[in-house]
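To start, the structure under review is shown below, and the notes come after it.
No value in this document is a laboratory result; all are computed from the given coordinates. All of these numbers come straight from a predicted model, not from anything done at the bench. Quick reminder, even Gly has a Cβ in these numbers, built from the backbone with ideal geometry, and neighbours come from all protein chains shown.
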């Protein structure tokens with residue numbers, strides 16, 4: 001098995017393998033583009049080092065490499081590997097573990113194990129979801145990370161000191177003041193928080209990466225982050241959470257998915273995506289309250305839940321963009337059945 005893995009890597013060469021890795025980072029925002037992935041990785045490193053948390057950047061790189069290598073070792077469909085579909089959950093695991101757990105040897109070993117776990121969890125969830133013609137998205141990252149974060153409360157080897165303290169649900173819309181002159185910073189943080197990075201510069205790099213790969217994706221990421229801020233502000237959510245992009249990052253992913261990936265851009269899909277963004281913000285608040293007693297972050301669960309809600313009805317909104325060669329075989333089959 002290991003020999004077969006090394007042969008596959010050698011066949012592609014170092015450059016080819018680097019492209020696969022970078023596409024894995026790009027696929028977090030549905031972009032099968034090594035250039036987008038390069039900007040995303042650059043943004044992660046900038047934000048991590050600027051925040052004096054360099055282990056987050058190296059964790060992201062480790063998670064990306066381990067999950068990609070796991071796909072090769074398990075001999076999964078090679079097309080998925082070339083499109084970066086083994087790596088996108090792993091890179092998110094790599095960002096999450098150093099963010100929430102202390103920098104210990106057991107954290108790094110658990111990170112590698114969890115990143116590998118996301119690959120076969122993705123396969124399992126896609127098999128289960130295939131009859132409903134939906135995709136697992138980033139939920140393998142969510143469920144696998146929750147598993148380890150919850151376990152950290154019982155293991156002295158895993159330090160949960162960076163996790164929130166478990167609290168009973170209460171009225172949480174307190175704290176933080178919003179300033180109109182800082183609106184662009186809040187907007188860019190909404191994009192950076194997709195990778196759990198709190199940096200407007202990182203958000204700008206992510207936006208540039210999206211722009212390089214797909215102007216429609218960049219546009220809708222911008223709309224998703226901005227509209228989420230408006231909705232959360234109108235509903236008087238926590239000003240601190242809004243300012244740091246915590247109501248926007250899942251909305252960014254929902255906007256890209258509904259407006260550019262599963263439907264051809266049109267006024268119908270635009271309206272559908274806008275409603276989806278609003279529901280994602282509501283889902284974010286609901287998930288926050290649900291998970292507070294466990295001291296867990298919602299991660300990208302609101303995006304997954306909201307997007308599933310808008311795909312399961314299988315409405316036809318002039319869907320399926322002509323150029324979808326970069327999508328996975330499962331997603332192509334899903335789209336053909338719905339068209």
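Grab the Cα-Cα distance for residue 201 and residue 128, subtract it from 0.36 nm times how many residues apart they are, and report the gain in nm with one decimal.
Working it through step by step, the gained length comes to 22.4 nm.
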statement: residue 58 and residue 159 label points (each 7 Å along its Cα→Cβ direction) are spaced in nm at 1.4
task: Using R₀ = 35 Å, calculate the FRET efficiency as 1/(1 + (r/R₀)^6) where r is the Cβ-Cβ separation of residue 267 and residue 177; round to 0.05.
output: 0.45
- prompt: For the chain, modelled as a Gaussian network with Cα springs under 10 Å, which listed residue fluctuates most, 131, 160, 98?
  reply: 131
- prompt: In µm²/s, what is D for the chain at 10 °C and 1.306 mPa s, where D = kT/(6 pi eta Rh) by Stokes-Einstein and Rh is the Kirkwood radius from Cα pairs?
  reply: 80
task: Assuming R0 = 22 Å, can you tell me the calculated FRET efficiency for the pair residue 51 and residue 230, based on Cβ-Cβ distance, to the nearest 0.05?
output: 0.25
R0 of 25 Å, Cβ-Cβ distance residue 120-residue 14: FRET efficiency to nearest 0.05: 0.40
